[in-house]
Amino acid sequence: MRSRGQATAIGAVFFVLIVALLLSYLLWAMEQVRDLELEILKRERERVRAQREKLIVTGYEYTAFRVVEPSEVSVPLGSKESLRPLSVVPICLKVSKEVAEKPVFVDDFEEGANGWKYTLIKDFTCYLAECRLLSYWGRGIDGSSIGVAARITIPFSKSYNDQAAAMWSKSFSLRNVSNVNALIVNASYKVTSSFGSRSSGTIIWTLRLITISSDGITTSTTVRHTHRGNEENSGTLVLNATKILKGREPYKVVLRVDIEVRGLKGMPAVYRGLALFDNVAVIMQKLVSQGYSVCRAALEAEYEVPKNAVSGFARITGVFNQSMVLSKVLAFDYSSNVWREITSFVSVREEEFNIITPVAPLEKYTREGKLKVMIVMNSFTPFKLTISDLEINCTQVTDKINVTITNACLEYVKLVSVWIVNSSYVERFDVSEVIAPGEEATVSLDFAPSSGSSYLLRLVTSDGNIFDDYIFIGSEE
Amino acid sequence: MSAGVSPVIAALLLVVIVVTAFAGVYLWVLQQLETYRFLLKRDIFESKMALAESGVVEFAWISDSRLYVYLRNVGEVNFCVLDVFFNGSLIANDVEFCLPPGEGDLLVLPLGAGAKYGRVKIVTGRFNEIEVEVARIEE
């Protein structure tokens, strides 16, 4: 019985030992699992912390500003008055007044008197004889003509003296035509005298071309011919009737004939005379152009712009000594081989102007780095332009790009890589930049971008976070 | 006398048998526990190592029939690439490409001509995986 008790006691001790061993292992295993859980928690915390990183690209600079002075300046129109400072004077041309003529009416009397009215002012006064002043329409100067016929037949005359007068008249108006600055009246005339075979004497013909306005303003021209035998005279009466335009319409044209007979004698005393008018024309002259002087100058400047320039502004500073000079700034378009206006301005006398105008797109106006700008100046009066500045302000793409990066989180961030990528370019830049919370840093990259391209800009931090942004390398359109 | 000795012998035998049996059981349990302890310790260590391993593909692209992958080790242990898959196909195995913590480098692998776009999966020595998209860049 006692030995069974001993064996039981020994077994109990072993049993306790085995159970204690198992328990210690269990506790150890639990401790290990807890350690692992703590490790997982630690990694998760680190991951969350890393996710809080935030970098923002707040700017990038890939251009540099450059002022380009002209490599050559010429004055294709006008002349240089001085070189320093550059001053230009124009060429002036005088343009005369321009008028256009328009007939109010032209009568050639081929179909009759055509609205002309005959008035006998004073007839001859001889008695017991035929002395008459008659109206005439028939064969004349150029086909048919109107006129006055003098017929004197005196059976016996020792010396006959007399006077007579008659006229043809016609009214006209300009029918509210504006800008009439002159009125010209023309009339062809012809005077013929024929004495009887046994007659002699002197006949004085006075032909008048008269224009009259309704309120009495009169202009006239006169021609006088003295005949002592069978004679003939012809010509043209030209009257500047502009003065009557100041008067009221309707106006009247008068063809007046005065005949004076001196010492007509003969047995019988016979005289036949004819005063004819033809091609009576009333012509108005309208002013088309007042006539002025044109002063023009052109200044051309050529520049050597950088080949990687993306934009350009022409800057022109100067002063005119005259107002009202219209200036146009042109740039030579190499794609079309024409000069194109890029801006224009009007001068104010003695006041300096400062014109800044874009020359865009720059590719269109440059070839092999050459850019041509011309200033064309127009005025009605002579002027002088004094230039202070004649330059092109260029923005060019540099061989470096500066990227400004802001840390937008509450942790310190270490930037380790910057990538610049597009469909044909990939490059990594090794950087080591620690950026404090809220601070910004500028990273300079040795990279020459192409104009008109866009790139992916990728930032990589030491915690493995990646931030993407895009940059556009502009070319101004 | 024999009736007096027999009980003693019987008691001693019983004690010996009990001690022997329990000692055997004890030793067997002890050995088993040591084995489990070792395995658990190893598994936990590996798990911790796997947690400490972390890598990132900064950028990957295809050019000239090659796959370029720039990797950075952002973990606390060495980062080793084991296998690389392209569009699900294994293109490299047992790649001896390891990065110490904080370092980055370019992994270049040959790729079939004509590949323009795809997904790359990188399996690490601790069986972590990274997947990225790649596209061709005509430099």
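Where a number appears in this text, it was derived from the coordinates with a stated rule and is not lab data. Since the model is a prediction, treat every value here as computed from it, not as a measurement. Don't worry about glycine lacking a Cβ; one is built from the backbone with ideal geometry, like all the others, and counts go over all protein chains shown.
If R0 is taken as 25 Å, the Cβ-Cβ distance between A:S234 and A:A129 corresponds to a FRET efficiency of 0.25. Note on B:V16 and A:K265: the model spin-label points, each 7 Å out from Cα along the C-beta direction, lie 21.4 nm apart. You can think of it this way: the chain between A:E440 and A:L77 has 125.1 nm of extra reach, that is 0.36 nm per residue less the Cα-Cα gap. With contacts taken as Cα pairs under 8 Å at a separation of at least 6 residues, chain A carries a relative contact order of 20 percent. Rounded to the nearest 10 degrees, the inclination of helix A:2-51 to the longest alpha-carbon principal axis of chain A is 20 degrees.
Look at the stretch A:32-40: the mean tally of other chain Cβ atoms within 10 Å of its residues' Cβ atoms is 3.
Beyond 18 Å, how much of the Cα-Cα pair distribution for the stretch B:1-52 remains, as a whole percent?
Pairs farther apart than 18 Å: 61 percent.
Working note: 222 nm ellipticity from helices only, DSSP H runs with n ≥ 4, each -39,500 (n - 2.57), summed and divided by the residues of chain B, gives -14000 deg cm²/dmol to the nearest 500. Placing unit charges on the Cβ atoms only, positive for Lys and Arg and negative for Asp and Glu, gives chain B a dipole magnitude near 620 debye about its Cα centre. Of the residues A:V329, A:A408, A:A187, the one whose Cα sits farthest towards the positive end of the charge dipole of chain A is A:A187 (charges of +1 on Lys and Arg Cβ, -1 on Asp and Glu Cβ, taken about the Cα centre). Each residue of the stretch A:342-354 is assigned a 3J(HN,Hα), and the resulting list reads 10, 6, 8, 7, 10, 7, 10, 4, 6, 10, 5, 9, 9 Hz, derived from the Karplus form 6.51 cos²θ - 1.76 cosθ + 1.60 (θ = phi - 60°), x at Gly and Pro.
Between A:R296 and A:T406, the modelled labels are 5.6 nm apart [label points 7 Å from Cα along Cα→Cβ].
Close amide H contacts of A:S344 (hydrogens built in the peptide plane, cut-off under 5 Å, sequence separation of 5 or more or a different chain): A:V329. Farthest toward the positive end of the dipole of chain B, out of B:A11, B:Y68, B:V81, is the Cα of B:A11, where the dipole comes from beta carbon charges about the Cα centre. Charge tally around A:V270: other residues with Cβ under 12 Å, Lys/Arg +1 each, Asp/Glu -1 each, net +3. Sorted ascending by nearby beta carbons within 10 Å, beginning with the fewest, A:T343, A:T119, A:T125, A:T461 become A:T125, A:T119, A:T343, A:T461.
Karplus-based coupling profile of the stretch B:83-94, in residue order and whole Hz: 10, 10, 10, 10, 6, x, 9, 5, 10, 7, 10, 6, with θ = phi - 60° in 6.51 cos²θ - 1.76 cosθ + 1.60 and x standing for Gly or Pro. Among the listed pairs A:K102/A:K286; A:K97/A:K328; A:K54/A:K400; A:K117/A:K252; A:K122/A:K252; A:K170/A:K286, a Cα-Cα separation exceeding 18 Å is found for A:K97/A:K328; A:K54/A:K400; A:K122/A:K252; A:K170/A:K286. Helix B:2-52 and the long axis of chain B differ in direction by around 10°, with both axes built from C-alpha atoms. Distant-in-sequence amide contacts of B:A92, defined by a placed amide H-H separation under 5 Å and a gap of 5 or more residues or a different chain, comprise B:V84. Checking every one of the chymotrypsin sites (Phe, Trp or Tyr not before Pro) in the stretch A:56-138 against DSSP loop status and a limit of 14 other Cβ atoms within 10 Å picks out A:Y127. Amide H contacts of A:D123 (H built 1.01 Å from N, in plane; Pro and chain starts excluded): A:A165 sit under 5 Å, all sequence-distant by 5 or more or on other chains. Of the residues A:C394, A:C295, A:T58, the one whose Cα sits farthest towards the positive end of the charge dipole of chain A is A:C295 (charges of +1 on Lys and Arg Cβ, -1 on Asp and Glu Cβ, taken about the Cα centre). Would you mind estimating how fast the protein assembly as shown diffuses translationally, via Stokes-Einstein at 20 °C and 1.002 mPa s with the Kirkwood radius over Cα pairs, in µm²/s? For these conditions, the coefficient is 56 µm²/s. The stretch A:2-37 and the stretch B:26-51 have their alpha-carbon centroids 18 Å apart.
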